[in-house]
Amino acid sequence: MAASATLHSNIAGFATRTGLPSRALLPSRHVGRVLRVRCRQSEERPQEPPAAVSPPPPQPVQTPPTPKRKESTSFSDILAFSGPAPERINGRLAMIGFVSAIAVELARGDDLVAQLANGGLPWFVGTAALLSAASLVPLFKGVSVQSKSSGVMTADAELWNGRFAMLGLVALAFTEYLKGGPLV
């Protein structure tokens, strides 16, 4: 039905463009009637089986090497709360602090408060300043931590080790406080 209406409107449109009356294009017996067009489905032919085409061998995917992304070198970006320096420096200090606190406790039997009171505070301040400067210099030069990590020593592994060392120091101090003396 829609096809016949479309055909009729096309014929009428052609007639008006050419200046002929629409009756001139159709025999008189068809004027005023709706044209109906029927489509007949083509006869089914047996299909030939598709030729066996072997797929081309897969090509190895070569990704271009990613250039090293240069990090921001502004002081406020590096030392921002979500910047690359604060957690990494605190983690590095905690790793050294936890290992040295346990080592001194095993060697001399002093708890954390006694270690700091017996000359440990200058060592702590000196180590903190040295490690902070050593950690900040590459960041100010634009070298990212991820670009220097490979194998087992990755940037994520360092962050997790630092987090565990921070928790270890807090747990050590809390345990010694509750116990009233050294852990060992």
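The values are calculated or read from the model by the stated rules, or taken from the named source; none is laboratory data. Values in this document were obtained by computation on a predicted structure and should not be read as measured data. Neighbour counts are summed over all protein chains in view; Cβ atoms, including those assigned to glycine, are modelled from backbone coordinates with ideal geometry.
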| Which pairs do you get when a residue that is in the same structural domain as residue 115 (by TED's automatic domain parsing) and more than 26 Å from residue 110 (Cβ to Cβ), found in segment 157-172, comes within reach of a residue that is of a type in the set (Lys, Arg) and modelled with pLDDT under 95, reach meaning Cβ atoms under 8 angstrom, with the pair 6+ apart or on two chains? | 158/88; 158/92; 159/88
| message | Quick check on segment 51-78: of everything there that is modelled with pLDDT of 75 or more and either surrounded by 10 or more Cβ atoms within 10 Å (Cβ to Cβ) or in contact with a Phe, Trp or Tyr (Cβ under 7 Å, 6 or more places away or on another chain) (or both), which residue is nearest to residue 149 (Cα to Cα)? | response | 78
| task | Kindly indicate whether any position in segment 111-127 is farther than 22 Å from residue 164 by Cα, modelled with pLDDT of 80 or more and in contact with a helix residue (DSSP H, G or I) (Cβ under 7 Å, 6 or more places away or on another chain). | result | no
| request: State all residues of segment 123-152 that are surrounded by 15 or more Cβ atoms within 10 Å (Cβ to Cβ) and of a type in the set (A, V, I, L, M); if no residue qualifies, say none. | output: 128, 131, 136, 139, 143, 145
| Any hit, segment 139-156, residues being under 16 Å from residue 88 (Cβ atoms) and touching a Phe, Trp or Tyr at 6+ places or on another chain (Cβ under 6 Å) | no
| task | Scan segment 80-99 for residues that are free of Cβ contacts under 8 Å to residues at least 40 places away in the same chain and either farther than 16 Å from residue 164 by Cβ or not in a helix (DSSP H, G or I) (or both) and report the count. | result | 5
